[in-house]
Amino acid sequence: LIYRRSGERPVTAREEDEELPDSIDDREIFDLIRSINDPEHPLTLEELNVVEQVRVKVNDAESTVAVEFTPTIPHCSMATLIGLSIKVKLIRSLPERFKLDVHITPGTHASEHAVNKQLADKERVAAALENSHLLEVVNQCLSARS
Amino acid sequence: MRVLGPTALPCAWAVMAAAGDGAGAAALAASVRDFVAGQQDGCAAEVAAGVKDGSWTVLQLVEALGSCLENTDPRTRGRGIQLLSQVLLQCYFQLQEKEVLHLVLFYENRLQDHHLVIPSVLQGLRALSMCEVLSPGLAVSVLKTIFQEVHVQSLLQLDRHTVYSIITNFMSTREEELKGLGADFTFGFIQVMDGEKDPRNLLVAFQIVRDLIAKNYTLGPFVEELFEVTSCYFPIDFTPPPNDPHGIQREDLILSLRAVLASTTQFAEFLLPLLIEKLDSDLQSAKLDSLQTLTACCAIYGQKELQEFLPSLWSSLRREPLLQVFQTASEKVEAECLAALHALSACLSRSVLSSDTEDLLDSFLSSILQDCRHHLCEPDMKLVWPSAKLLQAAAGASLRAYHHVTHNVLPLLLEQYTKHPQSSQRRTILEMLLGFLELQQKWGHVEEGFLSPSDLELVVDHLIRLALCEEDSQSSEAAMEAAGSLAPIYPKVFSGRMVPRLEEELQSEREEENSWDPRSLRQRCLQALAAMSTHPSIVRETVPVLLQHLRKVQKESEARSPQDMVSVCQSLHRVALQCQQLEESCWYFHQTVVPCLLAMAVQAAMQESTQTLLGKALLEEEVLSAMVPVISAATTHLSPELAAQSVSHVVPLFLDGEVSFLPQNSFSCSFQPFEDGECLEAQRRLVALLMAFVCSLPRNVAIPQQERLLRELLALSCSCNCPFTATTAAKCFAGLVNKHPEGQQLDEILQLGVNRMEPGLAQGPCRMQALTLLLWVTKALVLRYHPLSSRLTDKLLGLLGDVELGAATADGFFLLMAESPDVLHKGCHADVRIMFRQRFFTDNVPKLVQGFHGAGPDVKANYLKALSHVLNHLPKPVLVTELPTLLPLLLEALSCSDRVVQLSTLSCLQPLLLEAPQIMSLHVNTLVTKFLSLTLSPTMAVRIAALRCAHALTSLPTTVLLPYKARVIRALAKPLDDKKRLVRKEAVAARGEWFLLGSPGR
């Protein structure tokens, strides 16, 4: 089953006003991650319903972002990699002040706990990105589709 | 013939030989000797010139060559034949039939010679193939010999090309003879081209195959072979080498091959399986090519060709959109899939049915419906759009297809509409319905009884409710568009039911209902009235309602802002544009609306001059400016006769105060906008309306008292203190001058203009007005390539250095280059040469650059700004070729503090980074530094442009960029936290791309 992509966010008059600040909202975070490519399919995480806007929570004032993602099947072997891609995309795209929390939607994956623990561990994330094979896959997931 | 040895030619010719004159023969012999010895290639030209001017004959040349044609060394023989062939190529048209005969026999014979000799032999045959006096039978003989003796594909590219040229020459002059060869000719050619690899040769070979088919040569049993020998190149996979001097593009080959493959139904049984296979390719280019080729085939195929393959074709076409295209792959593939489906449906619709065959269109559409309908009904609506687009593509091909599809789909959609409660889902369904209904307009066919009267009233009521009350503005707009599409089909119901409801809402004063802002409601009513004005009978209902509302708003103008009047004008403008397509409404609208607007404005201006405040808002710049497009759109499409009728009223109104044609025409004082006097200030503002009318007239409509009008406008533009009025008068003057026929009158009026401008520019209180006039007149003349334009442009270039006027002049270059919305554009029949921007660029940019280098520090920025405006309006492909010479200046412009300069420089550099990365690499240090510092500009647009440039930098070679990677990534962290979302978006994109640089997996 393939889900429809949301269109480009329409630009509002307010967003075009020089003076008014636009806070970082759920949709903005969702737009960052929805076009990440799935490591196995030629589809985006949005099209596979792995990420959804309702599972994105941001608090701009307190600088926190929480993203839940839902692996397509409970035994999905790519869950860690997908989580890593989301995390890396957010690290590259958000101001440093944000504290990031990327985890599996509760009850949707067999090794939910282990994966969450891995994703929350800064050092393990950093170590994973030192591995050039892993980095290559993550970069492919994050590359813009031509 | 072939038993003759190398000496055959001199011997056979000896009987024709005449004694040459001694001196000429000696010179010829010397040239031949030099050439054959391999020293002097230039001798060939001398020898040819000698034949041309009669110093010697081809026969004498052959005699002079005699011994070397018999030489045992193939190199020497080759050299001799090369000379003969080169001379023939230049003199073939002088040959006699008998000479040609002997030469052909000689050359045919030489095709058996050593391989070193063959290229020259082919050149000679090419020369002979162009001879008109070639005896019947020789062409066939030459080709047979080539087919038999030469293994073409082992020759070099140029020599293969020569063979194709010989064939092409014969095909164009000896068609009947060649056809006499029957299928042997086709077979021979197949062998010649089999294995061809060079794109230059393929273009010629494809053309030959096209001619074989188009001119009905016998293909005989070789249809499949001919298909194989061409289709093996499909899909074309060719990238022109860099610096390719031949300029053959991939697209040339694709189109050329497609023209072959899609040229005959005889290929269908082989081609369709191939296309179906390539539709499944992973290569997007292969998919696209297959789809476009399929679409091309549908133009000539019929039921017979398609029948067997329809199920596979449909499953390939369907799989693309439903599984991939709309979700992931390119929109191009999607569009081509839909186009191919449309073409298939059209092709099947075209076929004539015999009584005993199955209607393939019906069964084809049924299978589409069967596969798509369940997607339309899925509760999550994920695949509705792909399905709807497929159905619409098929339905749009013919009236029959349309009926078949809509008969099934429309009830389904209506049913879905009631099932889905959410507004977003309902909107999707409405948009789909609209798509199907719009297709119907293609047939210009009204199907009464398509909706029953009671259903129709229900539909209209729903549309009214959605248009006015739906909170989501996109749903409301969709409802209005639907009303606009349905109204011409059911005009009575819409004018009888929707217009009165909207009119009532407009008039009601339910200010107390706070749940809904009354002003937004009125706004929606005005938009809906405009949107539904798509039928002449409805226009006659809606226009009076809009005008009445305008009068009402004007009376209450103290309580309301001018915005209410502007809204009415915007709706009137939309109606005017729609009326342009409805011939009978065009004049109705003009005749009704233009006098009414003029009357209201004149009245307001009169009251103004008698110091009453009532109606004053109408004279505000924004309201008058909103009336301009209404009058303009109501005028541009008039026939010359009707326009002449109108102009005979409007011009006397302004020049002589002739108010009699206005609907209300009793005024307390006279209307004299061009007279002097303080109290006439308000009247003068109405020149804007005069401009809207008179500058929109077709060029062949004569304007009464034009010279007087021009003088008045000129005077007003130079003297008026109100900038709005002065500018409008200048624009009106310029608009008329642009369309004025060439000749003495034009020269005089221009001279008059120059005489007024020059002293005004030099000094005094009206310098600004004089500059405005200069700018508009220059624009008017630049557009039509008038010779005076260069003098005026030079004047502007000079003013860039003026301390007082320089900045305004620099801004004025925007006006010169940009499309002006109200006057001097194509839509209002102005004389606009398409290349005027390029021409202006070529003529003036060197002067701007020179001016920049010579200017003082306080005015330098003016030159950069003017340059920015010129560059910004050039087509990007032109820019990319011209920019490298300007690059140093542009880099300097990046440091300029003016944001207009910054912005336009960035937008010039961005495409250059993408298109000419090698040149830009030389400046990478400067570019990185400047772009990064501009990402912190106080102006949002500059920040965005700078980030786009920083993004575009990533197309430079990675090795050039890597030293900057860490610095750029660090610097781009800041704009990630920009207060504006649009800036953050660009920062994310740019930074993400920099992260990938030199990293695995990019």
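For B:Lys980, B:Lys731, B:Lys847, A:Lys57, the ranking by accessible surface with the largest value first comes to A:Lys57, B:Lys847, B:Lys731, B:Lys980, using a 1.4 Å probe.
Inside 10 Å of the C-beta atoms of A:30-42, what's the mean count of C-beta atoms belonging to other chains?
Going residue by residue through A:30-42 and averaging, the value is 1.
Close amide-amide hydrogen proximity is noted between A:Thr44 and A:Asp38, each under 5 Å apart and 5 or more residues distant or on a separate chain (H modeled in the peptide plane; Pro and chain starts excluded). In order along the range B:926-934, the Karplus-derived 3J(HN,Hα) couplings, from 6.51 cos²θ - 1.76 cosθ + 1.60 at θ = phi - 60°, round to 4, 4, 4, 4, 5, 4, 5, 6, 6 Hz, and Gly and Pro are given as x. Solvent-accessible surface (1.4 Å probe) assigned to B:Phe364 amounts to roughly 10 Å². Modelled this way, with points 7 Å down the Cα-to-C-beta line, the labels at B:Leu891 and B:Arg839 are 3.5 nm from one another. Which of B:Lys826/B:Lys865; B:Lys739/B:Lys779; A:Lys87/B:Lys979 have a Cα-Cα distance over 19 Å? Checking Cα-Cα distances, B:Lys826/B:Lys865; A:Lys87/B:Lys979 exceed 19 Å.
Summing both sides, the accessible surface hidden between A and B at a 1.4 Å probe radius is close to 3000 Å².
In whole percent, and with a 1.4 Å probe on the protein chains, what portion of the accessible area of the range A:26-142 is carbon and sulfur? Ligands and nucleic acids excluded, carbon and sulfur reach 52 percent. Split the accessible area of chain B by element, probe 1.4 Å, and carbon with sulfur accounts for 53%. Here the label points at B:Leu283 and B:Gln645, each 7 Å from Cα along the C-beta direction, are separated by 6.4 nm in the simple model.
Between 0 and 90 degrees, the angle of helix B:981-996 with respect to the longest Cα principal axis of chain B falls at about 30 degrees. Report note on the peptides B:108-114, B:72-78: ranked by the mean count of other C-beta atoms within 10 Å, highest first, their order is B:108-114, B:72-78.
Shielding by partners for B:975-985, please: the mean number of other protein chain Cβ atoms within 10 Å of each residue's Cβ.
That works out to 6 on average.
Pairs with C-alpha atoms separated by more than 28 Å, drawn from the list A:Lys57/B:Lys332; B:Lys332/B:Lys876; B:Lys215/B:Lys389; B:Lys555/B:Lys731; B:Lys98/B:Lys179, are A:Lys57/B:Lys332; B:Lys215/B:Lys389; B:Lys555/B:Lys731. Take the range B:642-790 with all the other protein chains still there, run a 1.4 Å probe, and you get 39 Å² of accessible area per residue.
Scalar couplings 3J(HN,Hα) for the range B:764-773, obtained by applying the Karplus form with A = 6.51, B = -1.76, C = 1.60 to θ = phi - 60°, are x, x, 10, 4, 4, 4, 4, 5, 4, 4 Hz; x denotes Gly and Pro.
The A:Val54 and A:Lys122 beta-carbon pair, evaluated with R₀ = 35 Å, returns a calculated FRET efficiency of approximately 0.80. The antiparallel fraction among DSSP beta bridges confined to the protein assembly as shown stands at about 45%. Along the Cα-to-Cβ line of B:Gln474, 7 Å from the Cα, sits a label point; which residues in the range B:400-438 have backbone N less than 15 Å from it? Residues passing the 15 Å test: B:422-432.
With a Förster radius of 35 Å applied to the C-beta separation of B:Lys52 and B:Arg250, the computed FRET efficiency comes to 0.25.
What FRET efficiency comes out for the pair B:Phe270/B:Ala966, r = Cβ-Cβ distance, R0 = 56 Å, nearest 0.05?
After rounding, the FRET efficiency stands at 0.45.
Database remark: amide H of A:Ile104 closer than 5 angstrom to the amide H of A:Phe69, A:Asn116 (H placed geometrically; neighbours at sequence offset of 5 or more, or on other chains; Pro and chain starts carry no H). Taking the protein assembly as shown, how much of its Cα-Cα pair set, in percent, is spaced more than 41 angstrom apart? Percent of Cα pairs beyond 41 Å in the protein assembly as shown: 65. Note on B:753-761: average number of Cβ atoms from other chains within 10 Å of each residue's Cβ is 0. For the range A:26-142, the antiparallel share of DSSP beta bridges with both residues in that region comes to about 45%.
If you take the alpha carbon atoms of the range A:26-142 and fit the smallest convex hull around them, that volume is 96 Å³ per residue. Along the range A:66-76 the Karplus relation, 6.51 cos²θ - 1.76 cosθ + 1.60 evaluated at θ = phi - 60°, assigns HN-Hα couplings of 10, 10, 9, 10, 10, x, 5, 9, x, 9, 3 Hz to successive residues, with x for each Gly and Pro. The range B:856-874 and the range B:84-105 have their alpha-carbon centroids 64 Å apart. Over the range A:1-45, the Kirkwood radius and the radius of gyration, each from Cα atoms, give a ratio Rg/Rh of 1.11. Heavy-atom accessible surface of the range A:26-142, averaged per residue, reaches 47 Å², computed with a 1.4 Å probe.
Restricting attention to the range B:172-266, which trypsin sites (Lys or Arg not before Pro) occupy a DSSP loop and are surrounded by at most 12 other Cβ atoms within 10 Å?
Numbers: sites: B:Arg174, B:Lys179, B:Lys197, B:Arg200, B:Arg210, B:Lys215, B:Arg250, B:Arg258; in loops: B:Arg174, B:Lys197, B:Lys215.
Listed in order of number, the matching sites are B:Lys197, B:Lys215.
Entry note, the protein assembly as shown: the mean residue ellipticity at 222 nm calculated from DSSP H runs of n ≥ 4, each adding -39500 (n - 2.57), is -20500 deg cm²/dmol after division by the residues and rounding to the nearest 500. Net length available on complete extension from B:Lys979 to B:Cys722 is 88.6 nm, with 0.36 nm assigned per residue and the Cα-Cα distance removed.
The values are calculated or read from the model by the stated rules, or taken from the named source; none is laboratory data. Here the structure is a predicted model, which is why all the values come from computation and not from measurement. FYI the Cβ positions are ideal-geometry reconstructions off the backbone, even for glycines, and counts take in every protein chain you see. To get the accessible areas, we keep the full protein, side chains included, count just its heavy atoms, and leave off ligands, DNA and RNA. Shrake-Rupley method; radii C 1.70, N 1.55, O 1.52, S 1.80 Å.
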